[in-house]
């Protein structure tokens, strides 16, 4: 039986299950019922797992929240989700408490030393506030839940769209057959199989408010593997963990590969990585030279999958597949319907570029929480459109060329220009603007803004970035800002972003 590890702390799986069962009783006492939401404003910590599993025991959804959110962003998510309970780390508690809806109970988790150190937080900020309800003492005050067994409905991940407002992807509670199918798919994608749990040791490298790390971390714990929580990704620290703890499985994003490859040769060579059996990556396109270099370094243990929060992972690619089909993101799983279509919804033959659409008919269907109209609009040809453009080769391998939407993927994180543009339009002196992704050697893409000023305005790029920092999370603030006297427009009146973007991407076969 495995365990969770974080810093010097260890939590065995039996203890995790007991604490989750006690927390489930506590959630019931706070009025959480089947179909309700429990929001997690937490970094990766034991309480994240305890609260997630507790919600499932009473038939409720867990909803992880990006803890980089500003007060305005958090307010929207709490109100839209209707979360009945919010669990927050102590250093994040003041913001949460200030914006939590009146109907929501807020529980507080003291921020542990390893997270305090990783983020340079003060000891005072990490201690339990006087007015807070302590998560640990609270759950220990309840007996383990012994109510009716409910089907755990899973996690609601909030993902943005071109409107810029996050949408919660909510699936219907699965049937036993759907649960079995989903578990088998995750086992294949992540390499996490219950029959091998005793030998699995992994590191949680990414924040679990993202869809894929969330599914990966919870899956590893659910089957009884051992999972080390890395408070903040550090390339050499990860190599040390692999050697010291004999890590077998990893879930990563391409920017992590890039940072590992930038380590000096002497640093890379001093660690024994022979324990690795299954490494999988997703979330953003991986530049071909980076992928090839990782396979050469770590061996044919590098795997890849492609999908979205709405579709789940629908294609998969081993190292051998990729070396035989360089640039592919994989081939469809058995049972997955993956097509490339034209604007009329017709399937295109191999080699022809169109919009990628996909679906797993065997999975429980989804809607967008409190916005089913957008769910209906996401369908094309009866499948779900993640917003990518690509083609299939004659062997059925999928290649991505571009994104149909303007979404930016920076370091594996989705950033939505419409949200940033909406804030810029509120800034005094701004007449119009366009935000898009430009090449970045480390992150794949960086956020860039072009701003058209009102005739009497005099703003600098520093002014624009400072203004945005007050209204959106820091990772969304454009790294660079240009100014233009006029912005190119299409006949429809929309800003012609492609004309603005093309000079930055000249000489590249695809957007990275």
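The values are calculated or read from the model by the stated rules, or taken from the named source; none is laboratory data. Here the structure is a predicted model, which is why all the values come from computation and not from measurement. Cβ: placed from backbone, ideal geometry, glycine included. Neighbour counts: every protein chain shown.
So the values come out like this:
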read-out	value
Number of the condition not met by residue 219 [criteria: (1) within 21 Å of residue 319 (Cα to Cα); (2) buried (at least 20 other Cβ atoms within 10 Å of the Cβ)]	(1)
Residue within segment 345-359 that is part of a helix (DSSP H, G or I) and not assigned by TED's automatic domain parsing to the domain that holds residue 462 present	no
Selection count where residues are outside any loop (DSSP other than H, G, I, E, B) and under 25 Å from residue 317 (Cα atoms), scope segment 381-416	19
Segment 229-242: number of residues that are touching a residue at least 12 places away in the same chain (Cβ under 8 Å) and either within 18 Å of the chain's Cα centre (by Cα) or surrounded by fewer than 20 Cβ atoms within 10 Å (Cβ to Cβ) (or both)	9
Selected residue (criterion: surrounded by the fewest Cβ atoms within 10 Å (Cβ to Cβ)) from residues of segment 196-212 that are outside any loop (DSSP other than H, G, I, E, B) and modelled with pLDDT under 95	211
Filter result for the condition that a residue is on the phi > 0 side of the Ramachandran plot and crowded, with 19+ Cβ neighbours inside 10 Å, over 444, 437	444
Segments classed as helices (runs of 4 or more DSSP H), wholly inside segment 243-303, with at least 2 members that are surrounded by 15 or more Cβ atoms within 10 Å (Cβ to Cβ)	254-261, 288-298
Of all residues in segment 113-128 being surrounded by 16 or more Cβ atoms within 10 Å (Cβ to Cβ) and in a loop (DSSP other than H, G, I, E, B), the one that is farthest from the chain's Cα centre (by Cα)	128
Meets criteria (surrounded by fewer than 16 Cβ atoms within 10 Å (Cβ to Cβ) and not assigned by TED's automatic domain parsing to the domain that holds residue 82) for residue 381	no
